[in-house]
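For reference, the structure discussed in these notes is given below.
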Amino acid sequence: MKKIFSLAMAALASTTMMAQTARFSFFAYSGNDERFAKQIDADNQYLNPILAGFAPDPSFCRAGNDYYLVNSSFTFYPGVPIYKSNDLVNWRSIGHVLNRESQLPLRGQNVSGGIFAPAISYNPKNKTFYMITTNVGWGNFYVKSKDPEKGWSEPIRLPHVGGIDPSFYFDKDGRGYIVNNDEPIGGHDYEGQRSIFLHYFDVKGDSTVGKQIEILRGGTHVQKHPIWIEGPHMFRVGKYYYLMCAEGGTCDWHSEVILRATKPEGPWEECPHNPILTQRDLPGRSSASYPKGHHEAEVVTSAGHADILQAKDGKWWAVFLGCRPYEGDMYNTGRDTYMLPVTWKDGWPTILEKGKAVPTVVNKAGLSKSKSKYLTGNFSYTDKFESIDNSRWMSLRNPENIEINTGKGGLSIKAKDVSITEKKNPSALFARQQHENFTAETEVNFAPRSEKDLAGFVLLQKETHNFVFGKTMIDGKTAVTLTRREGMGTIIASAFVDADKPLKLKVVGKGRYYDFYYAENGSEYKLLAKGVDASNLSTQKSGGFIGACIGLYATTKN
């Protein structure tokens, strides 16, 4: 067996295969959504979202002919997944920006804490990449690199940059700026009012200089009292500096707005056709107008939190987050990354014209022959764990005393006295649920010794919103149980099984409702629970920020 968390998670002590160790022989995932069931010209068209399932708050940059993209990772470890592309469509994972504990302290934070809204920038003057972000339990900081594929520096903290969502801008003369969201000077005038601040940045000294400047208070005048101006990005075109921000909150009223000025300090002129991106004005795109039980296969809600760049051919593109609801504004897949071309008119950009829906199929000529794998569209994969896919599997918070191995026998996880309901590091590895309609399957070999021992699946949205489906004990007998948690946890189905034989587990998701199956000793699957309400895994029900994650889990604290 080979030790893992060469994911850069932790050095592990050798594991002795014992009763409290669960062995997973494989993990199989298959997604099949109507949205993606399309024949496209893959050399000249692409599918939205470009990153499906828990890929929020996208930010990208260009260095020469290469593009790099990052997403929020919250309390998962390693942090800030990073992708590289030469055509903006076909991305490949190059790991994580934050892959050392010194870069990513997460202890004690809730699932939707941790890393918010990373922003990646390239400074051509010193040929250096910068990734700046907020760790909500630690503060704002950045790391830098000459080559993102070779790793990033230790964190450089920014004690004078408050709030969240910082972003760099490096001007043509090499001057650096940071913009961020924070509480308005003197306090807010109404609930949800925020401000955007500007900080001067000393590139050579790696620090801010002087006092912050409040450059935008409240937001734009699209509404009388604009709320949650955040996710700012500054860039320059000709004589104008542009300030592009998310506005309206990250739910179904989300949007993107833009302003311009002749200097970074302002004063700022608002775009006359703000917002330049939203879906809130389309029928069925807000929870208020989306009829119960109604379903449109290609509805996108919550579009916003965008970033923008000019490609090597001179054309402009934007990435942004959006959601794929199955009912009302419920979605278990979290917030995805979408991409659209940007049009310019009268010195103003537009990502999507008012009244238009985010398209699933987009034209972009001359795409790379090397295509993305397992990032969007319908696909299937099977992990047999002879090694670990570093781009797929994540830990929750900083790994502590966690013993996980890979090898020809599959994945072994030593159970810990940590429950998924605690703000600690459970013995578990997680992959994203990327489709509304999916199947996840595994086989676990585990010998529970008490009702506190369990190994199997965890479907996670939050400490208080999850499913645990695995092998344990009831009244001294070995059993398979299914616990649904929406606040309180309740065992909703169980069956006695053979104590000494491997147990197969299968979850079949169909939008809001999931079916759960088990199979003993190579036999056919038996239904344990059908049509279970899985809306507890939706962001709307849980209040969290992640997308549902499927974990392989072992605990002695069930």
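The values are calculated or read from the model by the stated rules, or taken from the named source; none is laboratory data. Since the model is a prediction, treat every value here as computed from it, not as a measurement. Positions of Cβ are backbone-derived with ideal geometry, glycine not excepted, and every protein chain shown enters the neighbour counts. For accessibility, only protein heavy atoms count, side chains too; no ligands or nucleic acids. Shrake-Rupley method; radii C 1.70, N 1.55, O 1.52, S 1.80 Å.
Restricted to strands (runs of 3 or more DSSP E) entirely inside the range 40-145, those with at least 3 residues that are within 30 Å of His465 (Cβ to Cβ) are 79-85, 92-98, 115-123, 128-135, 139-145. Within the range 454-479, the set of residues being over 28 Å from the mean Cα position of the chain (by Cα) and open to solvent by 10 Å² or more (accessible area, probe 1.4 Å) comprises Met473, Ile474, Asp475, Gly476, Lys477, Thr478. For the range 191-205, the tally of residues that are under 20 Å from Glu230 (Cβ atoms), out of contact with any Phe, Trp or Tyr (no Cβ under 9 Å at 6 or more places or on another chain) and either touching a residue at least 60 places away in the same chain (Cβ under 8 Å) or surrounded by fewer than 20 Cβ atoms within 10 Å (Cβ to Cβ) (or both) stands at 1.
Picking from residues in the range 322-339 that are part of a loop (DSSP other than H, G, I, E, B) and in contact with a strand residue (DSSP E or B) (Cβ under 6 Å, 6 or more places away or on another chain), the one that is surrounded by the fewest Cβ atoms within 10 Å (Cβ to Cβ) is Asp329. Scanning the range 536-551 for any residue that is among the small types (Gly, Ala, Ser) and free of Cβ contacts under 8 Å to residues at least 60 places away in the same chain turns up nothing. Identify, please: which residue in the range 20-72 is more than 23 Å from Ala318 (Cα to Cα) and of a type in the set (Gly, Ala, Ser) and is, among those, surrounded by the fewest Cβ atoms within 10 Å (Cβ to Cβ)? Per the stated criteria, the residue is Ala37.
Annotation note: of Val319, Val299, Val342, Val257, the sole residue that is modelled with pLDDT under 95 and either under 22 Å from Asn437 (Cα atoms) or not in a loop (DSSP other than H, G, I, E, B) (or both) is Val299. Just one residue in the set Thr220, Thr262 is without any contact (Cβ under 8 Å) to a residue 24 or more places away in the chain and either open to solvent by less than 50 Å² (accessible area, probe 1.4 Å) or of a type in the set (Val, Ile, Thr) (or both); that residue is Thr262.
The number of residues in the range 476-494 being on the phi > 0 side of the Ramachandran plot and either in a strand (DSSP E or B) or in contact (Cβ under 8 Å) with a residue 12 or more places away in the chain (or both) comes to 1.
Which members of the range 24-44 meet the condition of being more than 24 Å from Pro325 (Cα to Cα) and of a type in the set (S, T, N, Q)? Answer for the range 24-44, where residues must be more than 24 Å from Pro325 (Cα to Cα) and of a type in the set (S, T, N, Q): Ser25, Asn44.
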